[in-house]
Amino acid sequence: MVNIVKILFLKKKHIYYFLFLLIIIILFSFIFYKPISFAFELTTNSNINDNFKEKIASLDKGTEKIAYLTFDDGPTKKATPKILDILKEKNIKATFFVIGKYVKNHPDIIKREYEEGHYIANHGYDHNNAKLYASPESFINEIKSTDLEIGKAIGIDNYCSHIFRFPNGYMSPNNKVKKKEALKLLYDMDYTFIDWNCLNNDSIRKYTKSQLLNNLKKSSKNKGTLIVLMHDTTDVNDSSSILKESISYLQSQGYEFRNFYDLVANRDGEF
């Protein structure tokens, strides 16, 4: 009987030791925990090559049914978190073309975008063409200031997205001469640019949800690879309100979703 009590006591003691060690492990996990990111570091040292630039330049001419969801003009508190929730639910990675001054105001949202595997690309600091094209120095400053704010938000000192989207798009006739001059500046900074070939017109005027979806359907008709333009703002329309339906429609048409990380040749700093 005494032996049985001893055995039980020892077993109980071992259980206490085990629980104590488990608690220590859990505490250390919380102290040193760093969220796992499905993205990877892009920096000024991640030199892009001509192959990467060609991939970006010819993306809208692709025949494969691939859709790249892109969101401009954020982050905003009203729209971006809702969009991120939907993308997480659907397990889709998108690309966000962010504005520097809003990144500064909402670094937590940018951090979430990055940690959930979305590509954080550059859309200038102010979204103000008068400032952007005031001089070559002003253009360079808009790009670098935005990268700086992104880097602060995600913890990468020399962050560089390497992809820029011109406010209103490069295809827009506005500031055409200035844009051509800006291209050389972009290439000198190891940047390329991209527009879009599909959109729901959410920034043009007020539409109903069904109209936004119909705009997307018309814009995507008879196309292969899609670069889809939407906005993570609520200035005119709220694309988060129609995002699930938009994703379902494109999936029903046989589209697979990717983001611009998938165009990176490898993940060791070489494009």
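The values are calculated or read from the model by the stated rules, or taken from the named source; none is laboratory data. Bear in mind that the values here come from a model prediction, so they are computed numbers and not experimental data. Here Cβ is always computed from backbone atoms with ideal geometry, including for glycine, and neighbour counts include all displayed protein chains. Protein only, heavy atoms only, side chains kept; ligands, DNA and RNA dropped before computing areas. Shrake-Rupley method; radii C 1.70, N 1.55, O 1.52, S 1.80 Å.
Residues that are within 11 Å of the chain's Cα centre (by Cα) and open to solvent by less than 20 Å² (accessible area, probe 1.4 Å): does segment 132-142 have at least one?
Narrowing segment 132-142 to residues within 11 Å of the chain's Cα centre (by Cα): none.
The answer is no, given that none of the residues of segment 132-142 is within 11 Å of the chain's Cα centre (by Cα) and open to solvent by less than 20 Å² (accessible area, probe 1.4 Å).
Of note, Asp190 satisfies the criterion of being in contact (Cβ under 8 Å) with a residue 12 or more places away in the chain, farther than 25 Å from Thr76 by Cβ and outside any helix (DSSP H, G or I). Against the numbered list (1) under 30 Å from Lys176 (Cβ atoms); (2) of a type in the set (Ser, Thr, Tyr); (3) touching a Phe, Trp or Tyr at 6+ places or on another chain (Cβ under 7 Å); (4) modelled with pLDDT under 95, Thr43 comes up short only at (1).
Filtered by the rule that a residue be in contact (Cβ under 8 Å) with a residue 12 or more places away in the chain, open to solvent by 50 Å² or more (accessible area, probe 1.4 Å) and polar (S, T, N, Q), segment 194-219 gives a lone residue, Ser203. The listed residues are Ser246, Ser203, and the only one of them that is touching a His at 6+ places or on another chain (Cβ under 9 Å), closer than 19 Å to Phe71 by Cβ and either at pLDDT 95 or above or not β-branched (Val, Ile, Thr) (or both) turns out to be Ser203. In segment 225-244, the residue that is surrounded by the fewest Cβ atoms within 10 Å (Cβ to Cβ) out of those that are among the β-branched types (Val, Ile, Thr) and assigned to a loop (DSSP other than H, G, I, E, B) is Val236. Would you confirm whether any residue within segment 81-100 is open to solvent by 10 Å² or more (accessible area, probe 1.4 Å), in contact (Cβ under 8 Å) with a residue 40 or more places away in the chain, closer than 20 Å to Asp202 by Cα and among the β-branched types (Val, Ile, Thr)? Within segment 81-100, one or more residues are open to solvent by 10 Å² or more (accessible area, probe 1.4 Å), in contact (Cβ under 8 Å) with a residue 40 or more places away in the chain, closer than 20 Å to Asp202 by Cα and among the β-branched types (Val, Ile, Thr).
The set of residues in segment 85-133 being farther than 23 Å from Ile143 by Cβ and in contact with a strand residue (DSSP E or B) (Cβ under 6 Å, 6 or more places away or on another chain) consists of Ile92 alone. Annotation: Asp147 fulfils all but one of (1) under 28 Å from Ile242 (Cβ atoms); (2) buried (at least 24 other Cβ atoms within 10 Å of the Cβ); the unmet one is (1). Only a single item in (1) out of contact with any Pro (no Cβ under 8 Å at 6 or more places or on another chain); (2) in contact (Cβ under 8 Å) with a residue 60 or more places away in the chain is not met by Ser252, and it is number (2). Residue check: is Asn222 open to solvent by less than 50 Å² (accessible area, probe 1.4 Å) and among the polar types (S, T, N, Q)? Against the criterion (open to solvent by less than 50 Å² (accessible area, probe 1.4 Å) and among the polar types (S, T, N, Q)), Asn222 does not qualify.
For Glu181, the criteria (1) without any contact (Cβ under 8 Å) to a residue 60 or more places away in the chain; (2) assigned to a loop (DSSP other than H, G, I, E, B) hold in every case but one, which is (2). In segment 245-266, of all residues being among the aliphatic types (A, V, I, L, M) and farther than 13 Å from Lys93 by Cβ, the one that is surrounded by the most Cβ atoms within 10 Å (Cβ to Cβ) corresponds to Leu250. Out of the residues in segment 230-261 that are more than 16 Å from the chain's Cα centre (by Cα) and of a type in the set (Val, Ile, Thr), state the one that is nearest to Asn197 (Cα to Cα). Once the filter is applied, the top-ranked residue is Ile247. Flag set for Ile247, criterion: touching a residue at least 60 places away in the same chain (Cβ under 8 Å), touching a helix residue (DSSP H, G or I) at 6+ places or on another chain (Cβ under 6 Å), of a type in the set (Val, Ile, Thr) and not in a strand (DSSP E or B).
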